[in-house]
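The values are calculated or read from the model by the stated rules, or taken from the named source; none is laboratory data. Being a predicted model, the structure only gives us computed values, none of them experimental. Here the Cβ positions follow ideal geometry from the backbone for every residue, glycine too, while neighbour counts run over all protein chains shown.
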Amino acid sequence: MGFKIALIILFLSIRPWVASGAVTGEIRGQGGERFPIAVSPLKNTGGNTADSARLSTGIADAMVHDLELSGWFKVLDRSAYIENAQSSGVTLGTFDFKDWATIGAEGLVKGGFSVQGDDVTVELRLFDVYQNKERIGKRYTGRVRDYRRIAHKFVDEIINQFTGVPGVFNTRIAYVSNSGGRFKEIFVSHLDGSEKFQVTDNHTINLSPVWSPDGRSILYSSFKDRNQTLFLFELYSGKEIKFTPRGGGRYLSGKFSPDGQTIVATLESGGNTNLYLLDRSGNVIRRLTNDPGIEVSPAWSPDGKQVVFVSDRSGSPQLYILDVSGGAARRLTYSGNYNTSPEWSPRGDRIVYTGRVGNRFAIFTIPVDGGEARKLTSESFDSEDPTWSPDGRFIAFSSNRAGKYHLYVMQAGGDNQRRLTGSGGDDTKPHWSPRLD
Amino acid sequence: MTNRMRIPWSVCGIVALFSIAACAPSATNKPDSAASAKSADADASGADRRAGEGQRGGTGESNTGASSLKQMQEGKSPVTPASSPLKDVFYEFDRYDLSADARSTLRANADWLKNNASARVEIEGHCDERGTSEYNLALGAKRAQAAREFLSSLGIPADRLSTISYGQEIPVCREHSEDCWKQNRRARFVIVQGRSTS
């Protein structure tokens, strides 16, 4: 497998943008609203023009998608733009900021590209329209077909410029889809649905995909060998390891510890489910729970010292937290009679989960120390299977609000709920990757 | 921040991306191991490891239908045939205790099993679509185990009874209503032969 070196980033200039609200992690425009930003179609600065239109608007469209998904920006409609992207310049002094101030833009993204064979070089810049300054300038070189990744990486830089923490758009989501049929297979794709890749194709039921912390492997459970168990699939090599419980039983799901060295897994044996700590090969290191009831859906604290999980030991499924080093579990949720699928925020402060409201399911978060749970989604439809973005600022989940189950993203407080996927089937059980290179 | 070159970092990323595309087919083109009857069940006793799948075996005249997974793979609904000597038992939402009706059905199933002593049965636990997939897999395991333990208490040897949970994954009814959900909250009994028990 000979791969060409394809993506080189040159940091042309980085200066702090003292934008309003920059230190709070919030991005707001001058009026306190979403930050108004314009994203110009890119200028073709030379080379083959066969892909010109696709690249010019495609890269801009990918950036617009990400900026809108973040919920922090108001992207000004392209039809209002005054200047001609192909005839005006892309560097400071070669275009007129008034053309952008006039339409209300406070930020402006401009860029150019040139194609050389299968490769494309893209320069992108972020300008401060009020102060007539350049804030970020970067040059990327990659394969033409990877142009959307370049856009995602630049938006991550834009968000870093405003908040001090990079964005999470150069990431992927692993999820389960039935593609309109009855089999459930594992897929991964970018947040915008691009570069969709089918991980399993065994025509059975595959569930609970999770990323390894290095972003190189997917752990999932499958019925492909008839009895359900876990499989660890390496995306790079295509190698796969099967986890076989030595003492019998079936692994229902697993989650990598933050350091990637261990896995907490649910093992069902004789009708009972309990949590076990495994090594990366699926060998039991030690048992974590010993309860006759249902103990499932473990998730790690970001420091790797605790696990939140679901137990029905009280008579209904509720969330509990235990120390991996030992000791009794502490009950976390007391409201509601059906609380499941917890995930611990990478920021450490809150746990997101699925709770039953009447006959519907909604996404909630609750402080790690207990207290008032906050409902983030409406009970006029179902929302389930929440997963945090790697920066803890967003939550992806599945919901049937548009009929079938699709994947959605919202801000961690519940604002700006937007649909990600639109396949013909039900898309469920999303798991957000770590930041990718 | 200073101007930094991140070339190695970037190269790593792109290699990862291309590797996926390049390596995936070999991984996904493996033979469909689900079609093989070789079981990975660690409980298998050596004598019981002969191949067997679904409805093969059992007594000639009895038909419980194949396993729900196999039926799904063949594009069929995992319905228990009306002619099956082993009837489904049903459960309340988020419950795995056995109702009076469920016990009555299990007694009849036990009678048939006593009269057909060569039959081995896999008990499937199923759930309705509501709730979380993983919790429902655990709940289905509880339902299957409750049925197994009751049959054992009626004198059916435990080594003739194995369990599997399909959670909410293979519903027999696909509408979104209680009428449908109650049909899916069930234990199903599939005659298998030569299959290990757990």
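Within region A:37-68, being of a type in the set (A, V, I, L, M, F, W, C) and modelled with pLDDT under 95 holds for A:Ala50, A:Ala53, A:Leu55.
Restricting A:Tyr147, A:Tyr140 to those that are farther than 16 Å from A:Ile37 by Cα and part of a helix (DSSP H, G or I) reduces the list to A:Tyr147. Looking at B:Glu169, B:Glu149, B:Glu178, just one residue is closer than 18 Å to B:Ser77 by Cβ and out of contact with any Pro (no Cβ under 8 Å at 6 or more places or on another chain), and that residue is B:Glu169.
Scanning region A:349-363 for residues that are farther than 18 Å from A:Val409 by Cβ and either of a type in the set (D, E, K, R) or surrounded by fewer than 22 Cβ atoms within 10 Å (Cβ to Cβ) (or both), we see that the one that is farthest from the other protein chains (Cβ to nearest Cβ) is A:Asp349. Per this entry, A:Ser423 is counted among residues that are part of a loop (DSSP other than H, G, I, E, B) and either touching a residue at least 60 places away in the same chain (Cβ under 8 Å) or in contact with a His (Cβ under 6 Å, 6 or more places away or on another chain) (or both). From the residues in region A:154-165 that are out of contact with any strand residue (DSSP E or B) (no Cβ under 7 Å at 6 or more places or on another chain) and not in a loop (DSSP other than H, G, I, E, B), which one is farthest from A:Glu123 (Cα to Cα)? Ranking the candidates gives A:Thr163 first. When region A:264-313 is filtered for residues that are of a type in the set (Phe, Trp, Tyr) and free of Cβ contacts under 8 Å to residues at least 24 places away in the same chain, only A:Tyr276 remains.
When residues in region A:385-420 are screened for being in a loop (DSSP other than H, G, I, E, B), small (Gly, Ala, Ser) and either within 13 Å of the chain's Cα centre (by Cα) or farther than 22 Å from A:Pro342 by Cβ (or both), 4 of them pass.
Of the residues contained in region B:96-110, one or more are found to be touching a Pro at 6+ places or on another chain (Cβ under 9 Å) and assigned to a helix (DSSP H, G or I).
If only residues of region A:278-302 that are in contact with a Lys or Arg (Cβ under 9 Å, 6 or more places away or on another chain) and aliphatic (A, V, I, L, M) are counted, the one that is surrounded by the most Cβ atoms within 10 Å (Cβ to Cβ) is A:Ile294.
Within region A:391-399, is there a residue that is among the basic types (Lys, Arg), at pLDDT 95 or above and surrounded by 15 or more Cβ atoms within 10 Å (Cβ to Cβ)? Yes, there is a match, as at least one residue in region A:391-399 is among the basic types (Lys, Arg), at pLDDT 95 or above and surrounded by 15 or more Cβ atoms within 10 Å (Cβ to Cβ). Taken residue by residue, region A:175-190 has at least one member that is at pLDDT below 95, buried (at least 21 other Cβ atoms within 10 Å of the Cβ) and not basic (Lys, Arg).
Would you check if there is a residue in region B:130-137 being in a helix (DSSP H, G or I), within 12 Å of chain A (Cβ to nearest Cβ), more than 14 Å from the chain's Cα centre (by Cα) and crowded, with 24+ Cβ neighbours inside 10 Å? Yes: region B:130-137 contains one or more residues that are in a helix (DSSP H, G or I), within 12 Å of chain A (Cβ to nearest Cβ), more than 14 Å from the chain's Cα centre (by Cα) and crowded, with 24+ Cβ neighbours inside 10 Å. Against the criterion of being out of contact with any Phe, Trp or Tyr (no Cβ under 8 Å at 6 or more places or on another chain) and either over 18 Å from A:Arg356 (Cα atoms) or among the charged types (D, E, K, R) (or both), A:Gly425 qualifies. Scan region A:89-111 and tell me whether some residue there is more than 17 Å from A:Pro36 (Cα to Cα) and assigned to a strand (DSSP E or B). Yes, region A:89-111 has at least one match.
Taken as a whole, the structure places A:Thr266 among residues that are surrounded by 24 or more Cβ atoms within 10 Å (Cβ to Cβ), within 21 Å of A:Trp344 (Cα to Cα) and over 23 Å from the mean Cα position of the chain (by Cα). The set of residues from region B:159-198 being more than 18 Å from the chain's Cα centre (by Cα), in contact (Cβ under 8 Å) with a residue 12 or more places away in the chain and facing chain A (nearest Cβ under 10 Å) comprises just one member, B:His176. Might you check whether a residue that is buried (at least 23 other Cβ atoms within 10 Å of the Cβ) and not in a loop (DSSP other than H, G, I, E, B) occurs anywhere in region B:167-180? Taking every residue of region B:167-180 in turn, at least one turns out to be buried (at least 23 other Cβ atoms within 10 Å of the Cβ) and not in a loop (DSSP other than H, G, I, E, B).
Of the strands (runs of 3 or more DSSP E) lying entirely inside region A:172-242, those containing at least 1 residues that are small (Gly, Ala, Ser) and more than 7 Å from chain B (Cβ to nearest Cβ) are A:172-177, A:185-190, A:217-222.
Of the residues making up region A:364-382, those that are of a type in the set (A, V, I, L, M, F, W, C) and either loosely packed, with under 14 Cβ neighbours inside 10 Å or closer than 25 Å to A:Gly403 by Cα (or both) are A:Phe364, A:Leu376, A:Phe381. The set of residues from region A:243-252 being of a type in the set (D, E, K, R) and either buried (at least 24 other Cβ atoms within 10 Å of the Cβ) or more than 7 Å from every other protein chain (Cβ to nearest Cβ) (or both) comprises just one member, A:Arg250.
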